[in-house]
Amino acid sequence: QVQLMESGGGLVQAGGSLRLSCAASGSFSSIVAMAWYRRAPGKQRELVADIGSGGSTDYADSVKGRFTISRDNAKNTVTLQMNSLKPEDTAVYYCKYWVKLTYWEPSRDYWGQGTQVTVSS
């Protein structure tokens, strides 16, 4: 199976920066896509950013121009660089991978355990 481990959350003042990372371990054939989601208190989980196998990216409107998603295929990691953080970015952030366990199987999705990001005003 596949395990995802996130790191990099914490407490930061508004205007500051944080960098989240997620690493995959286990046995699999390939990683199709990666993404970051977040769930703020009292809200539904939302997509923050995603990145495809070719490097194409998409961002939620609320983070465009402030967040950057990137991937390192050699290390099976995805990173979310978050700049100009706002209090409304406070949430638990989750990484999600779409993984093919073998070449012939369709991809399956896996989630990290979540990391807390708190932005103080």
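The values are calculated or read from the model by the stated rules, or taken from the named source; none is laboratory data. Note that this is a predicted model, so its numbers are computed, not measured. All Cβ positions, glycine included, derive from the backbone under ideal geometry; neighbour counts span all protein chains shown. All accessible areas refer to the heavy atoms of the entire protein, side chains included, with ligands and DNA or RNA removed. Shrake-Rupley method; radii C 1.70, N 1.55, O 1.52, S 1.80 Å.
Here is how the numbers come out for the structure above:
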quantity: Residue among Leu80, Leu47, Leu20, Leu11 that alone is in contact with a Gly (Cβ under 6 Å, 6 or more places away or on another chain) and of a type in the set (A, V, I, L, M); calculated: Leu20
quantity: Residue check for Gly54: on the phi > 0 side of the Ramachandran plot and small (Gly, Ala, Ser); calculated: no
quantity: Residue ID - farthest from Lys100 (Cα to Cα), chosen from residues in the range 32-70 that are small (Gly, Ala, Ser) and in a loop (DSSP other than H, G, I, E, B); calculated: Gly42
quantity: Which numbered condition Ser21 fails, given (1) under 17 Å from Thr115 (Cα atoms); (2) in contact (Cβ under 8 Å) with a residue 40 or more places away in the chain; (3) touching a helix residue (DSSP H, G or I) at 6+ places or on another chain (Cβ under 9 Å); calculated: (3)
quantity: Boolean, Ala49 is open to solvent by less than 20 Å² (accessible area, probe 1.4 Å) and either aliphatic (A, V, I, L, M) or more than 18 Å from Ser120 (Cα to Cα) (or both); calculated: yes
